[in-house]
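The values are calculated or read from the model by the stated rules, or taken from the named source; none is laboratory data. Everything quoted here is computed from the prediction, not taken from an experiment. FYI the Cβ positions are ideal-geometry reconstructions off the backbone, even for glycines, and counts take in every protein chain you see. What goes into the accessible areas is simple: the full protein's heavy atoms, side chains included, and nothing from ligands, DNA or RNA. Shrake-Rupley method; radii C 1.70, N 1.55, O 1.52, S 1.80 Å.
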There are 2 protein chains.
Amino acid sequence: MTTVETLTIREMCDTYQVTARTLRFYETKELLSPIRAGSRRLYTKQDRARLQLILRGKRFGFSLEDIRQLLDMYNRNGSNQAQLARTFDLGQNRLEQMKAQRDELSVAIAELETELQGAAAALSAFRDAAE
Amino acid sequence: MTTVETLTIREMCDTYQVTARTLRFYETKELLSPIRAGSRRLYTKQDRARLQLILRGKRFGFSLEDIRQLLDMYNRNGSNQAQLARTFDLGQNRLEQMKAQRDELSVAIAELETELQGAAAALSAFRDAAE
DNA sequence: ACGTTACATGACGTTAACGTCAACTTCACT
DNA sequence: AGTGAAGTTGACGTTAACGTCATGTAACGT
């Protein structure tokens, strides 16, 4: 019989490349809420999904507080209309920001590429002169 | 006769929505190096260009130290070959990172859009039921 | 000459996101 | 029963990126 797959804190660390301190810290910030076996934490599949979202959010430069709100939006779907409308707005704004960021990033990438082509040319010139 | 356009620290603040403290702080971090009129700072066109790059870098989530290196790459083109090659590599890496970030961002945007469509549908349902 | 701005420097405070250390429990074995 | 590994809860330390005084000076209008 396959037990419900839960991971210890150490296994979580190894799997997601985070420290135990980080996981406990996220818990105090109410980003995670693993179940307990006595005093020990056990992370369910749900916890792991949340952690992945957290880590991705971080790569986008979102603050943990931002991420907490986003997670709430993803998870809390049995809410009332006002609640839903509010989280919907929050999501819309976030979406706008992300799109703007992506566009700006595209421009910056293009610029950097041009710049690097110039550098590459300079390097070639150096090498040619050294022959 | 048009004097060489330089801005005072206050004018810089108003123009770019940063505090004087921030500008002085950037100076201690060698991100900016305005000229002096006595003890007072005067920001040239070059300084303004650098500040814009700094602010854009920040919007992408780069650290000030990252930005400093990027700025060096943009500006120092009279360097030796080793120097140039090194900064070139640095730029390449950064470019990879930025592209990866952009791609990840695109995925997240798509997901969020789907999610929000669901929320929008739920809202409509609510409204329909309320008629 | 004098008061009011504008600016300067220096020192200390602040927040986010953990790191680090100490001092227990608690299993899992031997 | 003893020991070692893994886990727990505090408590304090750390870094980045500024904010917030306190204090001092310099130019400008009256």
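For segment A:91-120, a decrease in accessible area of 50 Å² or greater in the assembled protein chains relative to the isolated chain, with a 1.4 Å probe, applies to A:Leu95, A:Met98, A:Gln101, A:Arg102, A:Glu104, A:Leu105, A:Ile109, A:Leu112, A:Glu115, A:Leu116.
Accessible surface for B:Phe25 stands near 70 Å², nearest 10, in the context of the full protein assembly shown (1.4 Å probe). At the residue level, A:Glu11 shows approximately 80 square angstrom of accessible surface with a 1.4 angstrom probe and all protein chains present. Ranked by the mean number of other Cβ atoms within 10 Å per residue, highest first, peptides B:40-53, A:97-110 order as B:40-53, A:97-110. Shielding value for B:57-63 is 3, the average number of Cβ atoms from other chains within 10 Å of each residue's Cβ. Computed extension length for A:Gln117-A:Ala20: 30.6 nm, one decimal, from 0.36 nm per residue of separation with the Cα-Cα distance subtracted. 3J(HN,Hα) couplings calculated from phi for segment B:46-63 with the Karplus curve 6.51 cos²θ - 1.76 cosθ + 1.60 (θ = phi - 60°) are, in sequence order, 4, 4, 5, 4, 4, 4, 4, 5, 4, 5, 5, x, 4, 4, 8, x, 6, 7 Hz; Gly and Pro show x. Cα centroids of segment B:103-124 and segment B:1-68: 38 Å apart.
In this structure the amide hydrogen of B:Leu32, modeled in the peptide plane, comes within under 5 Å of the amide hydrogens of B:Glu27, none closer than 5 places in sequence on its chain.
Note on segment B:1-75: with neighbouring protein chains present and a 1.4 Å probe, carbon and sulfur make up 50 percent of its accessible heavy-atom surface.
Only protein heavy atoms count here, probed at 1.4 Å, and on that basis chains A and B bury about 3700 Å² of accessible area in total.
Approximating the spin labels as points 7 Å out from Cα along Cα→Cβ, the A:Leu64-to-A:Thr44 distance works out to 2.3 nm. Per residue, segment B:1-75 exposes an accessible area of 63 Å² to a 1.4 Å probe, with every protein chain left in place. When B:Glu11 is represented by a point 7 angstrom out along its Cα-to-C-beta vector, the spacings to that point in the other copies are 6.5 nm, nearest first. Annotation for B:Gly118, label-to-label distances across the other copies: 4.7 nm (shortest first, one decimal, point 7 Å from Cα along Cα→Cβ). With R₀ fixed at 35 Å, the C-beta to C-beta distance from B:Glu27 to A:Lys29 puts the FRET efficiency at about 0.50.
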